[in-house]
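**Q** Just dropping this structure here.
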Amino acid sequence: MYKKMKLEGVAKIEPNELGNPLEEAVDRALRNKYEAVVDKTLGTIVAVLGVDKIGDGHILAGDGAIYYHVTFDAIVFKPEMQEIIEGEVVEIVKFGAFLSMGPFDGLLHVSQITNEYISYDEKNARLVSKESSKSLGEGDKVRARIIAVSLNEKEPRESKIGLTMRQTGLGKLEWLEAARSQKTEAE
C-alpha cells in the first residue's frame, strides 16, 4: 500500500554543495540517501516529496560536510498481509508467475492460482489449468491477495512476497469479468 508519510532524517551536505541554496542541497541529499531504501517497518521509500523543516547544521571534527536534522515528506510502499492488489504478470516460470506490484515483484505459486491442476506450457510461456483451460501469461492483469511478506533491508532484490488468487473475487481480470457477465445473464 502506498502512503504519504512525514519522516525525520539527517542530510549530509558535502563541501562542494555549500554554494548552492540550502533547501536544494538538502533535497538532493535526502533523495540520494533515502529513495529506493527498504526498511522493514516503513517499506520502500519510493520518492522524497520535499523538505518540511531544516534544523541547525552540525559540523564534525575532521569532516568538511555539514549535517542537518531534517523533517520531510515521502511516498512509501509497504506490502501488507491480506492486502488485495492488482498487478501485471511480468514473468512465467515452471513453478508460478511473478507479478509486478509497485517497487516489488510478488510470487504467485502454481498451487495458489486456482483450485484446478495447473501445468506449465513452456513453448508458449503460459500456465494453463487442466479442466477449464484458463491460462495465465506475461502481460496479464490479475487481482491477488498478499499472504506472505519478507522484506530484506540489506538486499532488497531478495525480498519475498507471496500471493494467492484462490479466493472469491480474485484472479485474472478477464476471468473475473467473464464470471460477472455469466452471473448477470443468469439473473
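**Q** Using Cβ counts within 10 Å as a stand-in for footprinting exposure, how do PHE77, PHE72 rank, fewest first?
**A** PHE77, PHE72
**Q** Report, for segment 79-187, the % of DSSP beta bridges that are antiparallel, rounded to 5.
**A** Within segment 79-187, antiparallel bridges account for around 95 percent of the total.
**Q** Among SER135, SER181, SER111, which comes first, second and so on when ranked by fewest other beta-carbon atoms within 10 Å?
**A** The most exposed by this proxy come first: SER181, SER111, SER135.
**Q** Could you line up LYS183, LYS134 from fewest to most neighbouring Cβ atoms inside 10 Å?
**A** LYS183, LYS134
**Q** Over segment 2-77, what is the relative contact order in whole percent, taking alpha-carbon pairs under 8 Å and six or more residues apart?
**A** 44
**Q** Something else: Calculate the length of the line joining the C-alpha centroid of segment 142-160 to that of segment 81-134, in whole Å.
**A** 15
**Q** While we're on this one: So what's the back-of-envelope 222 nm ellipticity for the chain, counting only DSSP H runs of four-plus at -39500 (n - 2.57) apiece and dividing by all residues, rounded to 500?
**A** Taken over the chain, the calculation gives -4500 deg cm²/dmol.
**Q** In whole Hz and in residue order, list the ³J(HN,Hα) couplings for segment 106-118 that follow from phi through the Karplus curve 6.51 cos²θ - 1.76 cosθ + 1.60, θ = phi - 60°; x for Gly and Pro.
**A** x, 9, 10, 5, 3, 6, 10, 7, 9, 7, 8, 6, 10
**Q** Order of 99-106, 15-22 by packing, highest average Cβ count within 10 Å first?
**A** Sorting 99-106, 15-22 by mean packing, highest first, produces 99-106, 15-22.
**Q** Still on this structure: Whole-Hz Karplus ³J(HN,Hα) for segment 74-89, in order, using 6.51 cos²θ - 1.76 cosθ + 1.60 and θ = phi - 60°, x for Gly and Pro?
**A** Karplus values, whole Hz, x for Gly and Pro: 8, 9, 10, 10, 10, x, 10, 4, 6, 6, 9, 10, 10, x, 10, 5.
**Q** From Cα pairs below 8 angstrom and at least 6 apart in sequence, can you work out the relative contact order of the chain, rounded to a whole percent?
**A** 19
**Q** Could you calculate the FRET efficiency of ASP52 with LYS141 from 1/(1 + (r/R0)^6), where r is the beta carbon distance between them and R0 is 30 Å, rounded to 0.05?
**A** Details: r = 37 Å, r/R0 = 1.22.
With R0 = 30 Å, the Cβ-Cβ based efficiency is 0.25.
**Q** So, one more: Gain in length, MET5 to ILE75, computed as 0.36 nm per residue apart minus the alpha-carbon separation, to one decimal in nm?
**A** Here the segment from MET5 to ILE75 would lengthen by 24.6 nm.
None of the figures in this text is laboratory data; all of them are computed from the coordinates on show. Quick caveat, the model's predicted, so the values are computed rather than measured. Cβ coordinates were reconstructed from backbone atoms using ideal geometry, including for glycine residues, and neighbour counts include every protein chain displayed.
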